[in-house]
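The structure appears below as structure tokens.
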Amino acid sequence: MMRLIKILIFCVLFHSGFAQQDISFNNETWWGVMTSAQVSDRLAIWNDAHFVNELFFIYRTGLTYHPKRDNFVTTVGYGFLKLGTPNSEGSLVRPEHRPWMQTIYRVPSTKKLSTSFRFRYDARFIQNLEAGNLTDGFSFNHRWRFNNALRYAWGNVISKNTRFTTTMLNEALFTSGPGPNGVRHEHRTHFLGQLGKGNFVYSLGYVIRYINSSPTAARINHGPVIWVTINLNFMKNKLPTFVEYPSDHVD
């Protein structure tokens, strides 16, 4: 299985022109709990948390606005992170503050196949490093993120009370700004199988992350994804009256 995954990664990189870089491979496991709680006909409160072993933990909150047609969905919020450092031996000791906003465009669809496009902006305030150790002060960078989600709803193929969906995500991330911290370019691909029941969606899949750390070197982080998404309605209805997908909440 691992050999097949590495062959797939190599084919993607070769096709993209990145194969000439010095590339290292790293395993990771991505855990996530993501919630959306509807509080009015148009507004929902966003809370989620993501954890990748030895790399980062993020808690993020925000407020989401759903228009009447539910086609352009906008969220603004704040995230707090703990990151690893070269000398922290896997401990997450480096803080980051991240105000952020995103807009999702859902392409109109009445069929089982649907797609959406997401733009997210992160304002990243990251504690400085010197020789791999934390030092005083924070640096600032902009991060620009472009995401496309392609979903296929298979329906109630497992049981009458469950919904099965497969999703593929592609996201390009670019960093700019005055600070020295941050990877200048990253590309992420997620392959997910999702089982929905009531307010819950359980996602299990695989992520491949190409991290362009320099013009001559790159890292490939890859591993399983385990997410739980909870969509709540604090109004009188049991289920939300607008659409929220796990792909909306991808960190």
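Brief remarks on what is shown
- Cβ-Cβ under 7 Å pairs, at least 6 apart or on other chains, the stretch 139-159 side hydroxyl-bearing (Ser, Thr, Tyr), far side surrounded by fewer than 17 Cβ atoms within 10 Å (Cβ to Cβ): Ser139/Asn128; Ser139/Gly179; Ser139/Pro180; Tyr152/Lys112; Tyr152/Leu113; Tyr152/Thr166
- Residue-level analysis places Thr189 among those that are closer than 17 Å to His222 by Cβ, modelled with pLDDT of 95 or more, of a type in the set (Ser, Thr, Tyr) and within 19 Å of the chain's Cα centre (by Cα).
- Identity of the residue in the stretch 75-94, in a strand (DSSP E or B) and modelled with pLDDT under 95, that ends up farthest from Glu130 (Cα to Cα): Leu83
- Total residues in the stretch 204-242, condition over 22 Å from Thr189 (Cα atoms) and in a loop (DSSP other than H, G, I, E, B): 9
- Set Gly223, Gly198: member being over 30 Å from Asp136 (Cα atoms), out of contact with any strand residue (DSSP E or B) (no Cβ under 8 Å at 6 or more places or on another chain) and of a type in the set (Gly, Ala, Ser): Gly198
Each row is one residue, and each column tells you yes or no for (1) of a type in the set (Asp, Glu); (2) without any contact (Cβ under 8 Å) to a residue 24 or more places away in the chain.
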position	(1), (2)
Asn27	no, no
Glu54	yes, no
Leu63	no, yes
Val73	no, no
Tyr78	no, yes
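- Count of the stretch 56-74 residues, restricted to those that are over 21 Å from Ser139 (Cα atoms) and either among the aromatic types (Phe, Trp, Tyr) or assigned to a strand (DSSP E or B) (or both), is 8.
- Residue count for the stretch 67-102, restricted to those that are among the β-branched types (Val, Ile, Thr) and open to solvent by 40 Å² or more (accessible area, probe 1.4 Å): 3
The values are calculated or read from the model by the stated rules, or taken from the named source; none is laboratory data. No experiment lies behind these values; they were computed from the predicted model shown. Neighbour counts are summed over all protein chains in view; Cβ atoms, including those assigned to glycine, are modelled from backbone coordinates with ideal geometry. Just the protein is used for accessible areas: all its heavy atoms, side chains included, with ligands, DNA and RNA removed. Shrake-Rupley method; radii C 1.70, N 1.55, O 1.52, S 1.80 Å.
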